[in-house]
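Below is one structure, written out as C-alpha cells; comments come after it.
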Amino acid sequence: MLKRIIALVRKELQSLLRDKKSRHVLIFPPIIQLLIFSFAATLDVKNVSLAICNEDNGKSSIELCQRFTGSPIFSNVKYYDRLKNAEEALVREKVLAILHFDSAFSSRLSGDGHSSVQMILDGRKSNSTQVILGYAQRIIDRYNEERVELSSTGSLPAAIIQRNWFNPNLIYQWFTVPGLVAILGMITSLTATSLSVAKEKELGTFDQLLVSPLTPLEIMIGKTVPGIIVGLVEATIILLAGIFLFKIPFTGSLLAFYTGLTIFVIAIVGIGLFLSSISATQQGAFMKVFFFISPAIMLSGFATPIANMPQWMQQVTVINPLKYFLIIARGTFLKELTLIDIMPYTVPMVWISLFTLSAATYFFRRKLS
Amino acid sequence: MLRRIRALIIKEFFQILRDPSSLVIATLFPIFLLCMYGYGISLDIKNLKVGLIAEDASEETKSFVFGLKDSPFFQVEEAKDPRMLAQKLTELQIDAIVWIPSYFSAYWQAAMQQKEHPKAPIYVVTDGSAPNTATFAQNYILGAWGNTRLQLAKSNDLAVTFPVSIESKFWFNEELNSRYFLVPGSIAIIITLIGTLLTALMIAREWERGTMEALMATPVTIVEILLSKLIPYFILGVVSVIISTVIGHYFFDVPLRGSVFALSIVSFFFLLVALGIGLLISSTSKDQFNAAQVALISAFLPAFMLSGFIFEINSMPLWIRIITYLLPARYFVSSLQTLFLAGDVWPLVIQTAIILCGFAALLFFIINMKTKKTLD
C-alpha cells in the first residue's frame with residue numbers, strides 16, 4: 001500500500017512541477033507577494049510630511065521647531081508663512097499634519113509659564129495621524145522636562161518607564177513576516193491541492209485513477225501529501241527569509257513551529273480538497289480558493305487585531321485555521337513558545353482538519369461511485 | 001449598429017447571470033467587502049485591556065489608578081500576581097501591564113529631597129509583537145499620566161511640568177473612526193473586481209471557448225464587439241459604485257461631504273481605466289486561468305496593498321512608493337477619501353481626473369495596437 005501511495009505522490013509532484021500553469025502559480029506569485037507584503041503591509045508611521053507655521057519666531061518656538069525638524073520621524077518638514085497655505089497643503093494631502101505657533105506663543109510662555117501650540121491632523125488617515133500626535137506629544141514632553149530641569153523649581157519626582165516585550169524597537173516586520181509564513185504557506189498549499197484535483201477532473205484522468213489498483217483512501221492520501229509538502233516547503237522558505245533576510249529572532253522551539261505548521265497545512269489541504277471536490281474546472285476551483293482566502297486573511301488577525309472586531313465576528317473567526325497558526329508563528333518567533341504552549345491552538349486546527357478531510361472524502365466517494 | 005450592440009449587451013448580461021463565479025464577483029463579493037470594512041476591519045484601538053498591579057497605595061498612585069479606570073479607553077483589571085499578568089500579555093489576553101512597585105512612595109520622598117535620586121517609577125509593559133496596538137496603548141497611558149501629573153503638581157505645589165501643551169484637532173474625521181476612510185477606499189477595490197477581474201475573466205472565457213472567433217465571423221464589427229463587451233461591465237461598475245455609496249452613507253454613516261457630481265467624474269475615469277486593464281489582460285492571456293492570475297496580481301493586489309487604502313504609502317520604502325505612482329488605484333483612493341470626508345476639493349478632483357484619463361488613453365492605445373494584429 002505504501003509503495004502505491006508513494007508512486008502516486010511522486011506522480012502528483014511531477015505533474016505539479018511540469019505543468020506551466022502550476023509552476024507559474026506556485027513560484028512567481030509567492031515571491032512577489034513576499035516582497036510586497038513584507039514592505040507594504042505596515043501600519044508603521046514613517047517619512048511623515050509635516051507643515052510648520054511659526055507665526056511667533058520667539059526663542060522657544062524656534063527651539064521646538066528645530067526639535068521637530070531634527071526628529072527622524074518627521075523627515076519631510078515644510079515651512080509655511082501663512083496658516084492658510086499650510087491648511088491648503090493639508091487638504092491637498094501634501095502634508096499629514098500642521099504644527100502652528102501663533103504670534104503670542106513665546107510671550108505667553110514667559111509670562112504665564114505655560115502656552116499651547118496648535119496641531120491640525122488629517123483625519124482621513126486617522127490611524128497614522130493618531131500615532132503622529134503621540135510622537136509629537138513625546139517631543140513636547142521631552143522639551144518640557146528639560147525646561148523644568150533647567151529652572152530651579154522642583155519637578156515631579158515620578159516617571160513612566162516603558163518596555164516593549166518581544167520586540168523592543170517595535171520593528172513592524174517582526175510582526176508581518178511571521179504572519180507571511182502562515183499566509184503564503186496557506187495560499188500555495190491551497191492552490192496546489194485544489195488545482196491538482198480539478199485538473200484531473202478536467203482532463204478526465206481522474207477516471208483513469210479509478211481503474212488503477214489504488215483504493216479511494218490511497219487516492220485521498222496521495223492527493224493530500226503533495227499539498228502538504230508544497231505548503232511545508234513554502235513556509236520553510238519564508239521562515240529562512242525571515243531569519244536571515246529580515247533578521248527576525250527565532251526564540252521559540254522549532255519543533256513547536258513545525259508541529260503547528262504541519263497541522264495547519266493539513267487543515268488547509270483539507271479545505272483545498274473540499275473546494276476542488278465541488279468544482280468541475282481548474283478555473284472554478286481557483287475562484288473558490290480566492291473567495292476563501294480573502295475573508296480568511298481579513299478575519300485572521302494578520303493585519304488588524306481580532307479584538308477590534310465586533311463580538312459576532314470574533315465568533316466566526318473560531319473556524320479559521322489561519323487565526324491559530326498566526327499566533328503559533330508569531331509566538332515561536334518572538335515569544336519563546338514551546339510545544340506545550342501551542343497545544344491550545346493546535347487542537348482547534350485538528351478539529352478543522354478532521355472535518356474538512358471527512359467532507360472531502362465524502363464528496364470524493366460520491367463522485368467515485 | 002445600435003441594434004446589434006444592444007443584442008450583444010443583453011447576451012453578455014445573461015452570461016454573467018448564468019455563471020456562478022461571475023455572479024459572486026459582481027454581487028456577493030462587493031457586498032462582503034463592504035460589510036468587512038463597515039463592520040469588521042477596524043484600525044481603531046478603543047478598548048484596551050490593561051492589567052494593573054498597584055503595590056503601592058499612596059495618594060499619588062491612587063489618582064493615577066483612578067484616571068486609568070475612569071478613562072473610556074481602558075478596561076482595567078487589577079491583579080496581584082505579576083506572572084499571571086505576564087502570561088496574559090503573552091497570550092494576547094491583555095494589551096498592557098501597568099505596574100506600580102511597592103517602593104514607589106519611598107522613591108517619591110527621596111526624589112523630593114534630593115534632585116539626583118532616581119524618580120519613582122511606574123512600569124508600563126506592552127506586547128511588542130503587535131506594534132500598532134503597543135504604540136496606541138503607550139500613547140493612551142501617557143495621556144492618562146499627563147492628566148495625573150497636572151493634578152499631582154498642583155497639589156504638591158510643584159512647577160507645572162508641562163509648560164507647553166498641544167491643542168490638537170483632527171480634520172475630516174473627528175470621531176477618528178477608521179471605517180470612514182476604509183469604506184470609501186473599498187470602492188476602488190470593488191471597481192477593480194468588477195472592471196478588471198470580472199471583465200478579464202469573461203472575455204478570456206470567450207477566447208478559450210472559441211465563441212470570440214464565432215462572433216468575428218458574424219456581421220458584427222470589431223468596434224461593436226469591443227463596445228458590447230465593455231458596456232455591460234461599465235454598467236455593473238456604475239451600479240456597484242452607487243450601491244456602495246448608498247450603503248456606506250446610509251448604513252455605515254460614512255459622511256459624504258463632496259458632491260455626487262465630483263464622485264461620478266472620478267469614478268467614471270477609474271472605471272474606464274479598470275476596464276482597459278481588464279480588456280488588455282484578456283487579450284494578452286487568452287485563457288481564463290492565466291487571466292485570473294494576472295488580474296489578481298497586477299490589479300487586485302496592488303489596489304489592496306499599495307493604493308493607500310489601508311496601508312499608508314509614505315510608510316513604505318522608497319522603491320515601493322515609486323511603484324505606487326504607476327498605480328491608477330492610488331490616485332482614485334486618495335480622491336475617494338477626500339470626496340467623502342473632506343468635500344469637493346476641485347484641484348485634487350481635476351488632477352485625479354486628468355491622470356486617470358491619461359492612464360485610460362494609454363491603455364486603449366495599447367489595446368488598439370494589439371487588436372489590429374490579432375483580430376481579422
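The table below lists the values:
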quantity: Residue count, segment A:281-308 (criterion: facing chain B (nearest Cβ under 9 Å) and within 16 Å of the chain's Cα centre (by Cα)); calculated: 11
quantity: Search result, residues across segment B:121-133 that are in contact with a Leu (Cβ under 9 Å, 6 or more places away or on another chain) and touching a residue at least 24 places away in the same chain (Cβ under 8 Å); calculated: B:Val124, B:Val125, B:Thr126, B:Asp127, B:Ala130, B:Asn132, B:Thr133
quantity: In segment A:318-334, the residues that are at the interface with chain B (Cβ under 10 Å from one of its Cβ atoms) and not in a helix (DSSP H, G or I); calculated: none
quantity: Filter result (under 30 Å from A:Tyr79 (Cβ atoms), β-branched (Val, Ile, Thr) and not in a strand (DSSP E or B)) within segment A:1-54; calculated: A:Thr42, A:Val45, A:Val48
quantity: Residue selected from segment B:166-218 under the condition acidic (Asp, Glu) and in contact with a Ser or Thr (Cβ under 9 Å, 6 or more places away or on another chain), by the criterion surrounded by the fewest Cβ atoms within 10 Å (Cβ to Cβ); calculated: B:Glu167
quantity: Given (1) assigned to a loop (DSSP other than H, G, I, E, B); (2) more than 7 Å from every other protein chain (Cβ to nearest Cβ), index of the condition B:Phe311 fails; calculated: (2)
quantity: Unmet criterion (only one of (1) free of Cβ contacts under 8 Å to residues at least 24 places away in the same chain; (2) within 8 Å of chain A (Cβ to nearest Cβ); (3) more than 22 Å from A:Phe333 (Cα to Cα)) for B:Glu116; calculated: (2)
quantity: Scope segment A:115-132; condition under 19 Å from A:Phe105 (Cβ atoms) and out of contact with any Lys or Arg (no Cβ under 9 Å at 6 or more places or on another chain); matching residues; calculated: A:Val117
quantity: Helices (runs of 4 or more DSSP H) contained in segment B:42-139 and holding at least 2 residues under 17 Å from A:Arg163 (Cβ atoms); calculated: B:82-90
quantity: Conditions (1) of a type outside the set (Gly, Ala, Ser); (2) away from every other protein chain (no Cβ under 11 Å); (3) in contact with a helix residue (DSSP H, G or I) (Cβ under 8 Å, 6 or more places away or on another chain); (4) without any contact (Cβ under 8 Å) to a residue 12 or more places away in the chain: number failed by A:Leu339; calculated: (4)
quantity: Matching residues in segment A:30-87 - criterion: being β-branched (Val, Ile, Thr), away from chain B (no Cβ under 13 Å) and within 28 Å of B:Phe309 (Cβ to Cβ); calculated: A:Val77
quantity: Residue list for segment A:100-140, filter: within 43 Å of the chain's Cα centre (by Cα) and more than 7 Å from every other protein chain (Cβ to nearest Cβ); calculated: A:His100, A:Phe101, A:Asp102, A:Ile132, A:Tyr135, A:Arg138, A:Ile139
quantity: Flag if A:Leu239 is closer than 23 Å to A:Tyr172 by Cα and within 14 Å of chain B (Cβ to nearest Cβ); calculated: no
quantity: Matching option when the condition is out of contact with any strand residue (DSSP E or B) (no Cβ under 9 Å at 6 or more places or on another chain), surrounded by fewer than 21 Cβ atoms within 10 Å (Cβ to Cβ) and within 27 Å of A:Leu184 (Cα to Cα), among A:Arg4, A:Arg18; calculated: A:Arg18
quantity: Qualifying residue in segment B:332-350 (condition: away from every other protein chain (no Cβ under 13 Å), among the aliphatic types (A, V, I, L, M) and touching a helix residue (DSSP H, G or I) at 6+ places or on another chain (Cβ under 9 Å)); calculated: no
quantity: Single condition A:Ile271 does not satisfy, out of (1) over 20 Å from A:Glu200 (Cβ atoms); (2) in contact with a Pro (Cβ under 9 Å, 6 or more places away or on another chain); (3) not small (Gly, Ala, Ser); calculated: (1)
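Quick grid of which residues meet (1) at pLDDT 90 or above; (2) buried (at least 19 other Cβ atoms within 10 Å of the Cβ); (3) within 37 Å of the chain's Cα centre (by Cα):
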site: B:Ile45; (1), (2), (3): no, yes, yes
site: B:Gly51; (1), (2), (3): yes, yes, yes
site: B:Glu55; (1), (2), (3): no, no, no
site: B:Glu59; (1), (2), (3): no, no, no
site: B:Lys62; (1), (2), (3): no, no, no
site: B:Leu68; (1), (2), (3): no, yes, yes
site: B:Pro72; (1), (2), (3): no, no, yes
site: B:Pro82; (1), (2), (3): no, no, no
site: B:Leu85; (1), (2), (3): yes, yes, yes
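The values are calculated or read from the model by the stated rules, or taken from the named source; none is laboratory data. These figures come from a predicted structure and were not determined experimentally. Cβ: placed from backbone, ideal geometry, glycine included. Neighbour counts: every protein chain shown.
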